[in-house]
Amino acid sequence: MAKKFLLYGAYGYTGKLIAELAKEKGMQPILAGRSEEKTRQLADELGMAYRVFGLGNPGDIDNGLEDVGLVLHAAGPFIHTARPMMEACLRNGVHYLDITGEIPVFEMAASLGPRAREAEVMLMPGAGFDVVPTDCTALYLKEKLPDATHLQLAFSSSGRPSQGTANTMAENLGEGGAVRKDGKIQRAPMGHKTMEVPFTEERRRFCMTIPWGDVSTAYYSTGIPNIETYTSVHPRSYRYIRLQPYFNWLLRTSFVRNMVKRRIAKRPAGPSEEQRKKGKSYIWGKVWNEDGESRSARLITLEGYTLTAHASLNIIGKVMAGNAPAGFQTPAKAYGPGLVMEIPQTVREDIVARSS
């Protein structure tokens, strides 16, 4: 594919990381966003072309996608921004990637899959930390145990979320959790299950269930009908989280969500460069079948935002080379469980059950 790719939301925290790494790799995306000043400033810094347009008018988006073969959408919260960009990509025959972890966005993309196949367009939300390492772990384990009926995935990472990630979390305050049961996504209280996860022999962490994107994507990647996703949390924090169902009605109010967003705006944009370099991400997964047979594996890889930049640009390279299966895709479904192993400093190991 000779056409260029466009990075929308380029001046956001993660978008800027992606743009900077793209320059290091000799790639020349068109930078784009709503703010003329911020987009131009970043484009001047990196010596890249840029375009300015919002997502409120379909015609503006269509003009912004002229002569573009692929969009990497990095402007969240994606529950608000993904559909207009996806629809524009379908109208204009442009492949779509984003870095969301929001279950409704994955499900929306899946519902648009038939239209995408007809338009010969690939729709792949979740091309970053959400959900590349967990998605690849899920399919890796499924191939180890083809008749698996249950899947658990967990992750642990250090550092605070970026402002963008935190704002997405604020948008979902009071919404509770989610699991997949018998093939269907069901609501569940946040942290309704807990367990200790051996991310390494030395790093065992208390984890609770959360509505991570794999509740949606892992089903499409593996066909496993029962899926739970977990993250590490301090036990003291979990005691407060257990009380959340009593206050969900309040957390869903605009007053509370806007108050949280104002506080987020006063925080740093995201982890510092030093924090990203020192940070690591830990992934653990387990599958089992009706006979009780199980397989487990774990993964150590880059800090989450750094991984997002590497993973998304790696996938872009494949798409621009013509490897873009049409329709709704997950990272592992399109490129296999080895995709995550193409990311620097990634190590995967099978966990062998110890005999008692």
>> Of all residues being buried (at least 16 other Cβ atoms within 10 Å of the Cβ) and at pLDDT 95 or above in segment 174-194, which is farthest from Ser232 (Cα to Cα)? Just the residue, please.
In response: Ile185
> Restricting attention to segment 49-84, which residues are more than 16 Å from Thr14 (Cβ to Cβ) and among the aliphatic types (A, V, I, L, M)?
Replying inline: Ala49, Val52, Leu55, Ile61, Leu65, Val68, Leu70, Ile79
>> Looking only at helices (runs of 4 or more DSSP H) that lie completely in segment 261-356, which have at least 3 residues being under 28 Å from Gly223 (Cα atoms) and either assigned by TED's automatic domain parsing to the domain that holds Gly76 or in contact with a helix residue (DSSP H, G or I) (Cβ under 9 Å, 6 or more places away or on another chain) (or both)?
In response: 304-320, 331-335
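Tally time: how many residues in segment 69-87 are outside any strand (DSSP E or B) and touching a strand residue (DSSP E or B) at 6+ places or on another chain (Cβ under 8 Å)?
7
Conditions (1) touching a helix residue (DSSP H, G or I) at 6+ places or on another chain (Cβ under 6 Å); (2) modelled with pLDDT of 95 or more, marked per residue:
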| residue | (1), (2) |
| --- | --- |
| Gly59 | no, yes |
| Leu70 | yes, yes |
| Ile79 | yes, no |
| His95 | yes, yes |
| Glu118 | no, yes |
> Scanning segment 195-204 for residues that are of a type in the set (D, E, K, R) and either outside any strand (DSSP E or B) or within 22 Å of the chain's Cα centre (by Cα) (or both), which turns out surrounded by the most Cβ atoms within 10 Å (Cβ to Cβ)?
Replying inline: Arg203
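The values are calculated or read from the model by the stated rules, or taken from the named source; none is laboratory data. Everything numeric in this text was worked out from a predicted model, so none of it was measured. A quick note on method: Cβ atoms are made from the backbone with ideal geometry, for glycine too, and the neighbour counts reach across all protein chains shown.
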